[in-house]
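Down below is the structure, laid out as structure tokens.
The values are calculated or read from the model by the stated rules, or taken from the named source; none is laboratory data. Here the structure is a predicted model, which means the values were calculated and not measured. So basically every Cβ, Gly included, is an ideal-geometry build from the backbone, and we count neighbours across all protein chains shown. Quick note on the areas: whole protein, heavy atoms, side chains included, nothing else; ligands and nucleic acids left out. Shrake-Rupley method; radii C 1.70, N 1.55, O 1.52, S 1.80 Å.
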Amino acid sequence: MQQSLFEQDLKQPLASRLRPTCLEEFVGQSHLIGKGKVLKKLIENDHISSMIFWGPPGVGKTTLARIIAHTTKSAFIDFSAVTSGIKEIRVVMKQAEENRQFGEKTIVFVDEIHRFNKAQQDAFLPFVEKGSIILIGATTENPSFEVNGALLSRCKVFVLQQLSTQDLVSLLKRAIIDEKGFGNYKIIIDDEFIEAIAHFANGDARSALSTLEMVILNGDIQDQTITINKDILEQCISKKSLLYDKKGEEHYNIISALHKSMRNSDPDAAVYWLARMLEAGEEPLYVARRVTRFASEDIGMADPKALEIAVAAYHACHFIGMPECSVHLTEAVVYMSLAPKSNSLYLAYEMAKKDALKQLSEPVPLVIRNAPTKLMKDLNYGKGYQYAHDIQDKLTTMQCLPDSLLDREYYKPTSQGFEAKYKERLHQIKEWKKRHK
């Protein structure tokens, strides 16, 4: 019965059926394609040049490339770095050159361009340079490291951001009412369940739509009405604790519990809350980012190695993912819990921020300005500058703060851990400056 209800209309996956065909249907990336934004203007004015889309999976890199090709009336060639080599590149370039001779632009979209080696990437160069193709590469990796310099210098990099939970909720609701989705059926599903699916997808539109499709295809069918209950949802996502309320309050409660357990030097509680998050399907990189923030906000100079541990854990999560990376995050949160605590860096910045916002126009003292031109030198830029390395103690009495903030102190070290040493060093520096004024 369930099969017969869907088999006629739902032959393609939901994510494919709902793939946007124009900018108006595209969800997210308002910083690039919102009103008046740079990429939107380039598309609307048909001024597209070669570019790289850098962002996590499921945020619309391929879809945006297709929309650009459609909007700018260009031929579109989809090219996978996973299955193609230099031979395939040459075949595609020949086709693009033929298109150009007939006055048609060709957009070559290369998915996962970071998987191409240097020789393969170089094969695109002459065609990009002479305008045979407009190259759009997509990558989940930092193009500064994964795309060779010659090709990267000829491409504009656009950073696509992870979709927000609200973006995904809007997309899921559209899928339920859109005729290309499940609009021809009566679907009964609580908003709470839609938000749970959005949280579970963690910014990935493809994952969100695939999960929704699985949930609906396994719903209870009665008289052409499909009802989704909690049990069905839990079976499809296998994560009971992801059933947050509408504002995702439990999500924020648990990350708060992790943060405060580490701050309270309680490794047992910290590991428990870490496990609660990871077993609920939380993105490990999100946890790693929060731990990295904690390393400087709550430990700082009391143990500078904490930041190294946190960043190493982040990279480990990136390299191997769940479930293996759970042990790396455990190492990080235990280290943070046991490390000496200091919030002096956090307080220093917050104090400096207040002054900076009040006095945004405060001029930089002339003595520490650069003077690359004769005019600047004539205006006393850099006059009286003291080069610390020329002095035996490597210290000077030079004034670096604006006059209105003279003698202001932001960083006030504690006596915790290594910070006690830095506190003594700072005291020595200030005493030296007093003696040599």
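Overview of results
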item: Considering residues of segment 179-191 that are open to solvent by 40 Å² or more (accessible area, probe 1.4 Å) and of a type outside the set (S, T, N, Q) only, the residue nearest to Ser210 (Cα to Cα); result: Lys180
item: Among (1) of a type in the set (Ser, Thr, Tyr); (2) touching a residue at least 24 places away in the same chain (Cβ under 8 Å); (3) over 30 Å from Asp266 (Cβ atoms); (4) not in a helix (DSSP H, G or I), the one test that Ser361 misses; result: (2)
item: Leading residue by the ranking (nearest to Ala75 (Cα to Cα)) among those in segment 144-155 that are surrounded by 14 or more Cβ atoms within 10 Å (Cβ to Cβ), free of Cβ contacts under 8 Å to residues at least 60 places away in the same chain and of a type outside the set (Asp, Glu); result: Leu151
item: Residue in segment 301-311 that is at pLDDT below 95, among the charged types (D, E, K, R) and open to solvent by 70 Å² or more (accessible area, probe 1.4 Å) present; result: no
item: Boolean, Phe182 is in contact with a Leu (Cβ under 9 Å, 6 or more places away or on another chain), at pLDDT 90 or above and not in a helix (DSSP H, G or I); result: no
item: Selection from segment 388-437 of residues that are polar (S, T, N, Q), over 27 Å from Pro363 (Cα atoms) and open to solvent by 60 Å² or more (accessible area, probe 1.4 Å); result: Gln392, Ser415, Gln416, Gln428
item: Selection from segment 48-70 of residues that are at pLDDT 85 or above, over 18 Å from the mean Cα position of the chain (by Cα) and either of a type outside the set (Val, Ile, Thr) or surrounded by fewer than 18 Cβ atoms within 10 Å (Cβ to Cβ) (or both); result: Ser49, Ser50, Met51, Ala65, Arg66
item: Filter result for the condition that a residue is of a type in the set (Asp, Glu), part of a loop (DSSP other than H, G, I, E, B), touching a helix residue (DSSP H, G or I) at 6+ places or on another chain (Cβ under 9 Å) and surrounded by fewer than 19 Cβ atoms within 10 Å (Cβ to Cβ), over Glu97, Glu141; result: Glu141
item: Residues located in segment 313-322, provided they are surrounded by fewer than 16 Cβ atoms within 10 Å (Cβ to Cβ) and part of a helix (DSSP H, G or I); result: His315, His318, Phe319, Ile320
item: Single match in Asp266, Asp298 (criterion: open to solvent by less than 20 Å² (accessible area, probe 1.4 Å), touching a helix residue (DSSP H, G or I) at 6+ places or on another chain (Cβ under 7 Å) and acidic (Asp, Glu)); result: Asp298
item: Residues located in segment 211-230, provided they are among the charged types (D, E, K, R) and either assigned to a loop (DSSP other than H, G, I, E, B) or surrounded by fewer than 13 Cβ atoms within 10 Å (Cβ to Cβ) (or both); result: Asp223
item: Tally of residues being at pLDDT below 85 and in a helix (DSSP H, G or I) across segment 197-210; result: 3
item: Residue match in segment 315-325 (condition: among the acidic types (Asp, Glu), without any contact (Cβ under 8 Å) to a residue 40 or more places away in the chain and closer than 30 Å to Gly281 by Cβ); result: yes
item: Hits in segment 324-348 - residues which are in a helix (DSSP H, G or I), closer than 17 Å to Leu307 by Cα and open to solvent by 40 Å² or more (accessible area, probe 1.4 Å); result: His328, Thr330, Glu331, Val334, Tyr335, Leu338, Leu345, Tyr346
item: Total residues in segment 148-177, condition closer than 21 Å to Lys118 by Cα and of a type in the set (Ser, Thr, Tyr); result: 1
item: Failed item, numbered, when Asp378 is tested on (1) open to solvent by 80 Å² or more (accessible area, probe 1.4 Å); (2) closer than 22 Å to Ala295 by Cα; (3) of a type in the set (Asp, Glu); result: (2)
item: In segment 109-138, residue nearest to Gly55 (Cα to Cα) [restricted to those that are part of a loop (DSSP other than H, G, I, E, B) and open to solvent by less than 50 Å² (accessible area, probe 1.4 Å)]; result: Phe116
item: Those residues of segment 95-137 which are touching a residue at least 60 places away in the same chain (Cβ under 8 Å), in contact with a Leu (Cβ under 9 Å, 6 or more places away or on another chain) and closer than 21 Å to Ile43 by Cα, in sequence order; result: Val128, Leu135, Ile136, Gly137
item: Arg174 out of contact with any Asp or Glu (no Cβ under 6 Å at 6 or more places or on another chain) and modelled with pLDDT of 90 or more; result: yes
item: Which listed residue is closer than 15 Å to Ser326 by Cβ, touching a Phe, Trp or Tyr at 6+ places or on another chain (Cβ under 6 Å) and open to solvent by less than 50 Å² (accessible area, probe 1.4 Å), from Ala275, Ala280, Ala257, Ala288; result: Ala288
item: Glu350 closer than 26 Å to Ile237 by Cβ and among the acidic types (Asp, Glu); result: no
item: Matching option when the condition is among the charged types (D, E, K, R) and more than 27 Å from Val287 (Cβ to Cβ), among Glu331, Glu350, Glu409, Glu419; result: Glu409
item: Tally, over segment 370-400, of residues that are under 30 Å from Gln428 (Cβ atoms) and in a loop (DSSP other than H, G, I, E, B); result: 17
